[in-house]
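Participant: A single structure is presented below for examination.
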Amino acid sequence: MNASERAKEEKKIKNKRTGRTRMIWGWILLIVGGLNVIDGFRLFNISFVEGLQGIAFPLILTLVGIYLIQNTKKNVAKWDKYDVLINQNGNTPLPMLASKMGLPLEQVRKDIQQMINEGFFRDENGNVGAYIHGEHDILVMMRNGQPKEPVEKTVKEQREAAKAEAEAAAAEAADKERRKDEYADAIGKAAAEVSDPDVADSLRSIESSVRKINRKIERRPELKESDSVRQLREIYLPKTMELVDKLTHQDAGPEAMLEIKGILNTCAVAYKSIVDKVYKREDEDTLIDIEVLKQTFEREGLLGSDFDVK
């Protein structure tokens with residue numbers, strides 16, 4: 001391919017890439033169709049049927065024009081986004097593109113293959129400059145018919161990245177497990193600090209119940225995925241800790257402090273009820289029943305963003 005032919009080919013590809021011709025035709029159809037629709041409305045003065053006949057074809061032209069314009073804009077925006085993500089000097093894993101684009105992997109394969117077929121990727125000599133490595137789902141950029149970067153290197157990097165990601169996820173999960181008794185530790189510490197023996201008993205009871213629930217979940221890890229356990233750990237335990245914090249920091253008036261002590265006593269009963277139900281279900285697949293605790297917080301109006309005890 002000589003310089004003149006290459007220039008023509010590049011111009012043709014650029015036209016496809018920017019959608020220039022499609023956009024021009026879209027606007028032509030939109031304008032011509034729109035003007036004829038407006039003109040066709042005059043026929044309604046003659047008869048309704050002639051009016052419909054007069055605007056039907058121009059309306060179709062108008063709709064086709066709108067479709068061409070919108071569809072072309074959408075495609076050009078998509079190609080632009082792909083261009084930003086694709087490594088033009090090496091290899092690009094298609095799963096990474098799918099993740100970044102927010103599209104199914106099969107759709108990304110189809111899009112990239114279309115870009116290759118349309119000639120969007122060319123090497124220095126004007127030849128096809130990319131292909132999809134089917135076995136590993138990698139877009140491989142080429143120079144003189146050879147990959148710019150070894151596919152094996154990219155595969156190795158992918159495996160190492162996946163391994164690192166899995167290790168990070170495992171470490172995070174392990175860290176969460178190590179922290180699962182933090183609430184119990186904090187409640188036990190508060191029990192040792194308060195002077196009211198009744199409140200201390202309530203706090204020790206809650207601490208004991210929380211630890212027993214954690215032990216149960218350790219033996220039956222599948223419970224962690226249940227809605228009831230997530231609510232217990234993500235809603236009710238943090239709410240209980242808010243009460244404990246207000247109590248230990250004396251962050252409320254005298255009347256509110258009495259109210260907090262009463263609620264903690266009720267919570268102790270509710271947590272013990274959860275423990276009783278959990279351990280009675282040792283050999284069953286039913287979930288942890290937190291209804292009593294839920295009713296306790298709802299009755300006291302404590303399920304908002306903050307406690308309303310001041």
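The values are calculated or read from the model by the stated rules, or taken from the named source; none is laboratory data. Values in this document were obtained by computation on a predicted structure and should not be read as measured data. Neighbour counts are summed over all protein chains in view; Cβ atoms, including those assigned to glycine, are modelled from backbone coordinates with ideal geometry.
Participant: List pairs: first residue in the stretch 19-48 and under 20 Å from residue 78 (Cα atoms), second residue of a type in the set (A, V, I, L, M) and surrounded by 13 or more Cβ atoms within 10 Å (Cβ to Cβ) anywhere in the structure, Cβ distance under 7 angstrom, at least six positions apart or on different chains.
Facilitator: Note: pairs meeting the criteria are 19/76; 22/68; 23/69; 26/68; 26/69.
Participant: I've got another one for you. Based on this model, can you work out whether residue 258 counts as under 21 Å from residue 193 (Cα atoms), modelled with pLDDT of 80 or more, out of contact with any helix residue (DSSP H, G or I) (no Cβ under 8 Å at 6 or more places or on another chain) and assigned by TED's automatic domain parsing to the domain that holds residue 206?
Facilitator: Yes.
Participant: Determine which member of the set 34, 102 is in the same structural domain as residue 151 (by TED's automatic domain parsing), at pLDDT 85 or above, over 29 Å from residue 127 (Cα atoms) and not β-branched (Val, Ile, Thr).
Facilitator: Every option except 102 fails the conditions.
Participant: What are the pairs with Cβ atoms under 9 angstrom where one residue, in the stretch 136-149, is closer than 25 Å to residue 107 by Cβ and the other, located anywhere, is among the acidic types (Asp, Glu)? Sequence gap at least six, or different chains.
Facilitator: 140/149; 141/123; 141/149; 142/123
Participant: Looking at the stretch 96-124, which of its residues are more than 24 Å from residue 145 (Cα to Cα) and in contact (Cβ under 8 Å) with a residue 24 or more places away in the chain?
Facilitator: 105
Participant: Still on this model: I'm trying to understand the selection: among the residues of the stretch 1-54, which are among the hydrophobic types (A, V, I, L, M, F, W, C) and part of a loop (DSSP other than H, G, I, E, B)?
Facilitator: The answer is 1, 46.
Participant: Run residue 11 past the list (1) surrounded by 12 or more Cβ atoms within 10 Å (Cβ to Cβ); (2) within 16 Å of residue 122 (Cα to Cα) and report the number of the one that doesn't hold.
Facilitator: So residue 11 meets the others, but not (1).
Participant: Suppose we filter the stretch 292-310 for residues that are modelled with pLDDT of 70 or more and either more than 37 Å from the chain's Cα centre (by Cα) or under 16 Å from residue 223 (Cβ atoms) (or both); how many remain?
Facilitator: Number satisfying all stated conditions: 1.
Participant: Would you mind stating whether residue 250 is in a loop (DSSP other than H, G, I, E, B) and at pLDDT 75 or above?
Facilitator: yes
Participant: Of the numbered conditions (1) in a helix (DSSP H, G or I); (2) in the same structural domain as residue 268 (by TED's automatic domain parsing), residue 158 fails exactly one; give the number of that condition.
Facilitator: In the conditions (1) in a helix (DSSP H, G or I); (2) in the same structural domain as residue 268 (by TED's automatic domain parsing), residue 158 misses (2) alone.
Participant: Let me spell it out: the conditions are (1) surrounded by 11 or more Cβ atoms within 10 Å (Cβ to Cβ); (2) out of contact with any Ser or Thr (no Cβ under 9 Å at 6 or more places or on another chain); (3) closer than 30 Å to residue 108 by Cβ, and residue 242 meets all of them except one. Which number is the exception?
Facilitator: Evaluating residue 242 over (1) surrounded by 11 or more Cβ atoms within 10 Å (Cβ to Cβ); (2) out of contact with any Ser or Thr (no Cβ under 9 Å at 6 or more places or on another chain); (3) closer than 30 Å to residue 108 by Cβ leaves (3) as the failure.
Participant: Further, regarding this structure: Collect the residues in the stretch 223-250 that are in contact with a Leu (Cβ under 7 Å, 6 or more places away or on another chain) and among the polar types (S, T, N, Q), keeping them in residue-number order.
Facilitator: If the condition is that a residue be in contact with a Leu (Cβ under 7 Å, 6 or more places away or on another chain) and among the polar types (S, T, N, Q), then 226, 228 are the ones that fit.
Participant: Does residue 206 meet the test of being at pLDDT below 85 and surrounded by 15 or more Cβ atoms within 10 Å (Cβ to Cβ)?
Facilitator: No; evaluated as a whole, the condition is false for this residue.
Participant: If I ask for residues that are touching a strand residue (DSSP E or B) at 6+ places or on another chain (Cβ under 8 Å) and of a type in the set (Val, Ile, Thr), which ones from the stretch 81-125 would you list?
Facilitator: Result: 86, 92, 112, 116.
Participant: Can you find a residue that is in contact (Cβ under 8 Å) with a residue 60 or more places away in the chain, in a helix (DSSP H, G or I) and in contact with a helix residue (DSSP H, G or I) (Cβ under 9 Å, 6 or more places away or on another chain) anywhere in the stretch 74-95?
Facilitator: Looking for residues that are in contact (Cβ under 8 Å) with a residue 60 or more places away in the chain, in a helix (DSSP H, G or I) and in contact with a helix residue (DSSP H, G or I) (Cβ under 9 Å, 6 or more places away or on another chain), one finds at least one in the stretch 74-95, hence yes.
Participant: I've got another one for you. Being among the hydroxyl-bearing types (Ser, Thr, Tyr), modelled with pLDDT of 90 or more and over 11 Å from residue 33 (Cβ atoms) is the filter here; which residues of the stretch 45-72 pass it?
Facilitator: 67, 72
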